[in-house]
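Q: I have a structure I would like to understand better, so I am pasting it below and will then ask my questions one at a time.
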Amino acid sequence: MITYTIATSDKDLAGIMALQRSNLPVNLSPEEMAGQGFVTVVHSLDDLKKMNDIEQHVIAKDGDRVVAYLLAMTAASEKDIPVLIPMFEMFGKVPYKGKPVSGYHYIVVGQVCVGKEYRGQGILDRCYAGYRRRMQGRYDFAITEVSVRNTRSIRAHERIGFTLLHEYEAPDGEDWSIVVWEF
């Protein structure tokens, strides 16, 4: 039975890291990446703890095993993960409803992942419903970026209700779509 909750322990955070590792490009074939998606950022336990101490990550568990997660990241983590600095810099430049994204009180969906054997069961939708319940009223909106190459994730975020705000090329050459979700 799948339960939906928040990360409350190092064991939960280690479960996030295990799921993350199995979905990194280095551990997937090009066909898996194209059809099933992938994650790009590697978080350390300290990164996840620091973020979770500010806003807890939403997770889905099958028994004790983390099978899906949505990371929660605030502007307080702007400089903590070097590969995400370009995204936060874009938030200072990209306008949303007449002012830069950085002028709002937003929550960043730091990364999402659903385990391979759990995909297509609505787990992501239920995780996002929990994310909305936790964040609505406390933040103006949720925002994230998705690799343009990650078409499965782009489609999933569109289905949830995210809308495209901006596309850009990061210094490493990766193309990103910044998407926003109004609560």
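Q: Please report, in whole Å, how far the alpha carbons of segment 33-81 spread along each principal axis, starting with the longest.
A: Answer, in whole Å and largest first: 32, 29, 16 Å.
Q: Right, something else. Give me Rg over Rh for the chain, both radii from the alpha carbons and Rh done the Kirkwood way, two decimal places. Show your work: numbers first, answer last.
A: Details: Rg = 15.3 Å, Rh = 16.5 Å.
When Rh is taken as the Kirkwood radius, the ratio is 0.93.
Q: Add -39500 (n - 2.57) for each DSSP H run of 4 or more in the chain, then divide by its residues: what number comes out at 222 nm, to the nearest 500 deg cm²/dmol?
A: Numbers: 6 runs with 60 residues, N = 183.
The per-residue figure over the chain is -9500 deg cm²/dmol.
Q: Still on this structure: For the chain, which whole-number percentage of the solvent-accessible area (1.4 Å probe, protein heavy atoms only) is attributable to carbon and sulfur atoms? Walk me through the numbers before you get to the answer.
A: Numbers: 4540 of 8660 Å².
Carbon-and-sulfur percentage of accessible area, whole number: 52.
Q: Same structure again: From Cα pairs below 8 angstrom and at least 6 apart in sequence, can you work out the relative contact order of segment 131-183, rounded to a whole percent?
A: It rounds to 45 percent for segment 131-183.
Q: Moving on to the next point. Under the rule that an exposed site lies in a DSSP loop and has at most 12 other Cβ atoms within 10 Å, name the longest stretch of the chain with no trypsin sites (Lys or Arg not before Pro) of that kind, not counting the sites themselves. Before the final figure, lay out each step's value.
A: Values: sites that count: Lys79, Lys93, Lys97, Arg138.
Formally, the longest exposed-site-free interval is 1-78.
Q: Per residue, how much accessible surface does the chain expose to a 1.4 Å probe? Answer in Å², no decimals. Before the final figure, lay out the partial values.
A: Values: 8660 Å² over 183 residues.
Per residue, the chain has 47 Å² of solvent-accessible surface.
Q: So if I place +1 on the C-beta of Lys and Arg and -1 on the C-beta of Asp and Glu, and nothing else carries charge, what would the dipole magnitude of the chain be about its Cα centre? I want it in debye, nearest 20. Don't skip to the end; give the middle numbers.
A: Details: 21 positive and 24 negative charges, 123 e Å.
Around 600 debye, computed over the chain.
Q: Let me ask you something else. Treat every Asp and Glu Cβ in segment 1-87 as -1 and every Lys and Arg Cβ as +1, leave all other atoms uncharged, and give the resulting dipole magnitude about the Cα centre to the nearest 20 debye. Write out the running numbers ahead of the final one.
A: Values: 7 positive and 12 negative charges, 12 e Å.
About 60 debye.
Q: Find the lysine pairs in the chain meeting two conditions, Cα atoms under 18 Å apart and a separation of 8 or more places or different chains, and report how many there are.
A: Details: Lys11/Lys49; Lys11/Lys50; Lys11/Lys61; Lys49/Lys79; Lys50/Lys79; Lys61/Lys116; Lys79/Lys93.
So the count of such lysine pairs works out to 7.
Q: Just to be sure I follow: if Rg is taken over the C-alpha atoms of segment 81-183 and Rh is the Kirkwood radius over the same atoms, what is Rg/Rh?
A: Working: Rg = 13.7 Å, Rh = 14.3 Å.
Here the Rg-to-Rh quotient is 0.96.
The values are calculated or read from the model by the stated rules, or taken from the named source; none is laboratory data. Small disclaimer: the values here were computed from a predicted structure and weren't measured. Neighbour counts are summed over all protein chains in view; Cβ atoms, including those assigned to glycine, are modelled from backbone coordinates with ideal geometry. Note: areas computed on protein heavy atoms with side chains; ligands, DNA, RNA excluded. Shrake-Rupley method; radii C 1.70, N 1.55, O 1.52, S 1.80 Å.
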